[in-house]
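The values are calculated or read from the model by the stated rules, or taken from the named source; none is laboratory data. Predicted model only: the values in this text are computed from it and were never measured. Cβ coordinates were reconstructed from backbone atoms using ideal geometry, including for glycine residues, and neighbour counts include every protein chain displayed. Just so you know, the surface numbers come from the protein's heavy atoms only, side chains and all, with ligands and any DNA or RNA stripped out. Shrake-Rupley method; radii C 1.70, N 1.55, O 1.52, S 1.80 Å.
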Amino acid sequence: MKKIKSIATMVLATGLLFIANQNLSAQDRIVLDPDSTDSFVLDPAIFDPDDKDARVLRHEPFGRKKEAVYERGERENGTPIIIASSDNSISSVTTPLTADPAVFQYLEWEWKIESVIESGDMTRKDGDDFTARVYVTFDYDKSNLGFGDRIKYAAYKAFTSFDIPLRSLNYIWANKAEIGATGENPFSSWVQYVVVQSGNELAGEWKIEKRNILEDYRMVYGEEPPPISGITIMTDSDNTGESTKAYFGKITLSKE
């Protein structure tokens, strides 16, 4: 019984179940056609935190855990943004889609934080919280898992009917890790961290980030990426019990 409980706890703690595709099947995702689309913009102007059926920027809870609060706001110049607040809580805003990372290689976004989570630590389970992070999930074929991971996957699926992303790039604003550092989520190697910003030196300032998804995936997983399955933003502090606030602007997935 203790082993079963620990597996269930791990499933919820990693957030693997709720990153993407809860209510939309693969056939219902937004599909980026490289012949007709050069870029896809996730615009906070269309965000409605109460629309549970939204195809773009849909607020997603994490099981029965206390939810972070996501609101639509504005910058000083009137540009729409998403304001994310967490008080010993966790939830996300996700957009399920299908895109070829060899074509749509670049992810660009704007973000700002008020401060980092002081006791946050990307290497520890009890420190696995971040003021701001941007996820990219991938449609990894479970038949490619090794024997041990297949057993773990089967155990996870015993607790849910949802799809479980088996590969995820997690761009984070870390507490104290070195910018450019990478590492696996302390709960699961299926989630890999890439430190884009760190510390409070730039807190209170808007930062524009741009990453090459194809290169980052190859760097952390040592393999070619499967199709992209979703993009998610998150603010969480459920493991540390702290409070934090972040701001997100437009997110753009593009060919260049």
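Checking each residue in the stretch 166-181 for being of a type outside the set (A, V, I, L, M) and either farther than 21 Å from Thr94 by Cβ or surrounded by fewer than 19 Cβ atoms within 10 Å (Cβ to Cβ) (or both) picks out Asn175, Lys176, Glu178, Gly180.
Number of residues in the stretch 182-195 that are touching a residue at least 40 places away in the same chain (Cβ under 8 Å) and either β-branched (Val, Ile, Thr) or open to solvent by 10 Å² or more (accessible area, probe 1.4 Å) (or both): the value is 5. The strands (runs of 3 or more DSSP E) falling completely within the stretch 173-256 that include 3 or more residues that are among the basic types (Lys, Arg) map to 207-212. Could you grab me the full set of residues in the stretch 39-50 that are open to solvent by less than 60 Å² (accessible area, probe 1.4 Å) and outside any strand (DSSP E or B)? Correct list: Asp43, Pro44, Ala45, Phe47, Pro49.
Among the numbered conditions (1) open to solvent by less than 10 Å² (accessible area, probe 1.4 Å); (2) in contact with a Phe, Trp or Tyr (Cβ under 6 Å, 6 or more places away or on another chain); (3) not charged (D, E, K, R), the only one that His59 does not meet is (1). Looking at the structure I just gave you, is Trp206 more than 18 Å from the chain's Cα centre (by Cα), at pLDDT 95 or above and within 22 Å of Phe47 (Cβ to Cβ)? Against the criterion (more than 18 Å from the chain's Cα centre (by Cα), at pLDDT 95 or above and within 22 Å of Phe47 (Cβ to Cβ)), Trp206 qualifies. Evaluated against (1) open to solvent by 70 Å² or more (accessible area, probe 1.4 Å); (2) modelled with pLDDT under 95, Ile19 falls short on exactly one condition, (1). The set of residues from the stretch 207-237 being out of contact with any helix residue (DSSP H, G or I) (no Cβ under 9 Å at 6 or more places or on another chain) and loosely packed, with under 14 Cβ neighbours inside 10 Å comprises Ile208, Lys210, Asn212, Glu215, Met219, Gly222. Which one is surrounded by the fewest Cβ atoms within 10 Å (Cβ to Cβ), of the residues in the stretch 90-115 that are of a type in the set (S, T, N, Q) and over 24 Å from Leu202 (Cα atoms)? Per the stated criteria, the residue is Thr98.
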